[in-house]
1. I need the full set of residues from segment 7-34 which are among the basic types (K, R) and modelled with pLDDT under 85, in order please.
2. Is there any pair linking a residue in segment 49-68 that is without any contact (Cβ under 8 Å) to a residue 60 or more places away in the chain and within 14 Å of G34 (Cβ to Cβ) to one that is hydroxyl-bearing (S, T, Y) and outside any helix (DSSP H, G or I), with Cβ under 8 Å and at least six apart or on different chains, and which?
3. Out of curiosity, is Q12 farther than 15 Å from I66 by Cα, touching a residue at least 12 places away in the same chain (Cβ under 8 Å) and surrounded by fewer than 10 Cβ atoms within 10 Å (Cβ to Cβ)?
4. Filter segment 73-83 down to residues that are surrounded by 10 or more Cβ atoms within 10 Å (Cβ to Cβ), in contact with a Ser or Thr (Cβ under 8 Å, 6 or more places away or on another chain) and either at pLDDT 85 or above or assigned to a loop (DSSP other than H, G, I, E, B) (or both), then give me how many there are.
Amino acid sequence: MGVFEQAEYHQQTIQLQPGDKLLLYSDGTESCIGKFNDQAGFNFTQEFTDIKHLSITQMMDGINTIIQNREFEQAEIDDITVLGLEILP
């Protein structure tokens, strides 16, 4: 994760509930799961939307498959790091 001198970060507390998932990923992963649009914000790909309801283990396997099947242009090659957490009942 990068830290930028001019960036402002806001702190917030959120209580996760059973069934909630938290997905943390590096910027190299972003193009595999969606794209940012200045007008609409971040839009997930259909491939990612199709796996979001799965358990975190299945979801991570699905993300890995998406990444493995994607052809990257030279300018897109970056580190890919994904950490997935799920709150179990």
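The values are calculated or read from the model by the stated rules, or taken from the named source; none is laboratory data. Predicted model only: the values in this text are computed from it and were never measured. Positions of Cβ are generated from backbone atoms using ideal geometry, with glycine treated the same way; all protein chains shown enter the neighbour counts.
1. Within segment 7-34, the first condition is being among the basic types (K, R), and the residues that meet it are 21.
Within segment 7-34, none qualify.
2. That search, which allows pairs on different chains as well, returns I66/T45.
3. Details: farther than 15 Å from I66 by Cα: yes; touching a residue at least 12 places away in the same chain (Cβ under 8 Å): no; surrounded by fewer than 10 Cβ atoms within 10 Å (Cβ to Cβ): yes.
For Q12, the condition - farther than 15 Å from I66 by Cα, touching a residue at least 12 places away in the same chain (Cβ under 8 Å) and surrounded by fewer than 10 Cβ atoms within 10 Å (Cβ to Cβ) - is not met.
4. Here the count works out to 4.
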